[in-house]
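Everything below concerns the one structure shown next.
The values are calculated or read from the model by the stated rules, or taken from the named source; none is laboratory data. Quick caveat: nothing in here was measured; it's all calculated off a predicted structure. Virtual Cβ from ideal backbone geometry, glycine too; neighbours counted across all protein chains shown. Just so you know, the surface numbers come from the protein's heavy atoms only, side chains and all, with ligands and any DNA or RNA stripped out. Shrake-Rupley method; radii C 1.70, N 1.55, O 1.52, S 1.80 Å.
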Number of protein chains: 2
Amino acid sequence: MTIRFYDLVGTDQRRMSPYGWRVRMALAHKGLDSEWVPVRFTDKEIIGFSGQKLVPVLVDGDTTIHDSWAIVNHLETAYPDRPSIFGDSGGKALAEFVMHWTNTQVHPHLIKLILGDVFRIVLPEDQSYFRESREKRFGMTLEAFTDQSPERLAAFRAALEPMRLCLASRPYLAGAAPSYADYALFGSLQWARCGSPLKLLDPSDPLYGWRQRLLESFDGMPGKAVGFAA
Amino acid sequence: MTIRFYDLVGTDQRRMSPYGWRVRMALAHKGLDSEWVPVRFTDKEIIGFSGQKLVPVLVDGDTTIHDSWAIVNHLETAYPDRPSIFGDSGGKALAEFVMHWTNTQVHPHLIKLILGDVFRIVLPEDQSYFRESREKRFGMTLEAFTDQSPERLAAFRAALEPMRLCLASRPYLAGAAPSYADYALFGSLQWARCGSPLKLLDPSDPLYGWRQRLLESFDGMPGKAVGFAA
């Protein structure tokens, strides 16, 4: 039975959710096919059956799951014969920590840098909603909120230091091969790459090579996604 | 053969190095006895044999190791029959990430809050060195640098959010029992507790209960160490 994967859509079929990207990488890691059901910001009735309003939502047979972490845990449990998304027990704890770290310590920097750019890839029919909801949340216009100054970029890069130091000794956070600990941050960088031409990483940064390896993973699927050059 | 453990000393035999505390917890975790050799800030000749000037230093038989991460990895490898400090392979990656995160993202907040207090537990003969080296590093007096305002305390607590979110679902970061992933942050909080009466954590914070459990671990060894009430 085909897995149905409800995920946010932007212009030119851009996949514009960091959480959606994490699930997409996890599905690829498990070697699972899925049918993407595009969801617009203002067309949330399409996922009303899930009992809530946030993407991503996954429908796997009789099971409906929302929240990317819950979805990934479902995939890990439901498909034990496929490659593990976490590795071992410590690997799952690592993935959870990196996910929370990305969401709470990295996203605020990232949003500050790219929100204005992301607005330009929001579908025309969603733009009013996007602008109003974000401007209400941040208490200012998208244009006033967004700041791509060298200082802001440096603060974002400094926030990534724990990841950078770990990657000094191995190709992926998880070791020789990637796991969800890698996808947690990578998914957020994919969201940025889909929406903003800003060069977030310097080519001399170990994180640049790490991202490059992930862009080329799964036959280059992440790198071929519509977006700006990394 | 007794393991010799060279670690920083302050007034009243206080153990005043976050890195020393991590090693001390790791030694306890392995159930290894060691002889503490107190090292003053201005008496680094005592560790000159290690070929460098930083504590902690561990001498285990013919092996001399410095750098807390290298020491802990030595203990893990040299004593494979004792309880693992990391758990599994993913657990080691988790511990390394949390260590780098603590050092680069948590310590700056912590130092800003407690440096002025820590000065008061530096041994009299070390105070000039401590003040001069820190004031040179931060470009201002210890008193001007230290800031215990509610905003600074809130920023410190906000930086701990990834750890807090993980602890919502289990008693220790590593799971049902602590590992070096827990000791990495705990060691830094012990350093703070030895030097500052500031209440870093609110009793309603899941991190408060987590720290309490670790204070009571190993027959209460960490909680009995000279310091302020947690």
Return the value, in Å² to the nearest 100, of accessible area buried between chains B and A (probe 1.4 Å, both sides summed).
-> 1900
Computed over chain A, the relative contact order (Cα-Cα under 8 Å, seq sep at least six) in percent reads 25
Listed residues A:Arg4, A:Arg14 arranged by accessible area, highest first, probe 1.4 Å = A:Arg4, A:Arg14
Which of the listed residues, A:Leu58, A:Val9, A:Ala70, is farthest toward the dipole's positive end in region A:3-78, when Lys, Arg count +1 and Asp, Glu count -1 at the beta-carbon?
-> A:Val9
Could you work out the relative contact order of region A:3-78, using alpha carbon pairs under 8 angstrom and six or more residues apart, expressed as a whole percent?
-> 36
When the accessible area of region B:89-224 is split by element with a 1.4 Å probe, what percent falls to carbon and sulfur?
-> 56
Put simply, what bits of region A:69-108 lose 20 Å² or more of accessible area when the other protein chains are there, versus the chain on its own (1.4 Å probe)?
-> A:Asp88, A:Gly90, A:Ala93, A:Leu94, A:Glu96, A:Phe97, A:His100, A:Trp101, A:Thr104, A:Gln105
D (Stokes-Einstein, µm²/s), Kirkwood Cα radius, region B:3-78, 1.567 mPa s at 4 °C = 105
Determine the dipole magnitude for region B:35-112: charges of +1 sit on the beta-carbon of Lys and Arg, -1 on that of Asp and Glu, nothing else is charged, the reference point is the Cα centre, and the result goes in debye to the nearest 20.
-> 400
Note down the Stokes-Einstein diffusion coefficient of region B:41-81 in µm²/s, whole number, using a Kirkwood radius over alpha carbon pairs, 4 °C, and 1.567 mPa s.
-> 119
Could you tell me, in Å, what Rg and Dmax come out for the Cα atoms of chain B?
-> 17.2, 50
For region A:89-224, calculate the relative contact order in percent as a whole number, restricting contacts to Cα pairs under 8 Å that are 6 or more residues apart.
-> 32
Out of region A:93-131, which trypsin sites (Lys or Arg not before Pro) are coil in DSSP terms and have no more than 13 other C-beta atoms within 10 Å?
-> A:Arg120
At a 1.4 Å probe radius, carbon and sulfur cover how many percent of the accessible area of region A:1-78?
-> 48
Shape call for the protein assembly as shown from the C-alpha gyration tensor, a ≥ b ≥ c root eigenvalues: rounded (a/c under 1.5), prolate (a/b greater than b/c) or oblate?
-> prolate
Going down the list B:Lys53/B:Lys112; A:Lys44/A:Lys112; A:Lys30/A:Lys224; A:Lys53/A:Lys199, which pairs span over 28 Å between their C-alpha atoms?
-> A:Lys53/A:Lys199
If amide H atoms are built 1.01 Å from N in the plane of the peptide, which residues on other chains or at least 5 residues away come under 5 Å of the amide H of A:Ile3?
-> A:Glu35
Mean projected area, convex hull of alpha-carbon positions in region A:70-187, reported to one decimal in nm², is 9.4
For every helix of n ≥ 4 consecutive DSSP H residues, a contribution of -39,500 (n - 2.57) applies; sum these over the protein assembly as shown, divide by its total residues, and give [θ] at 222 nm rounded to the nearest 500 deg cm²/dmol.
-> -15000 deg cm²/dmol
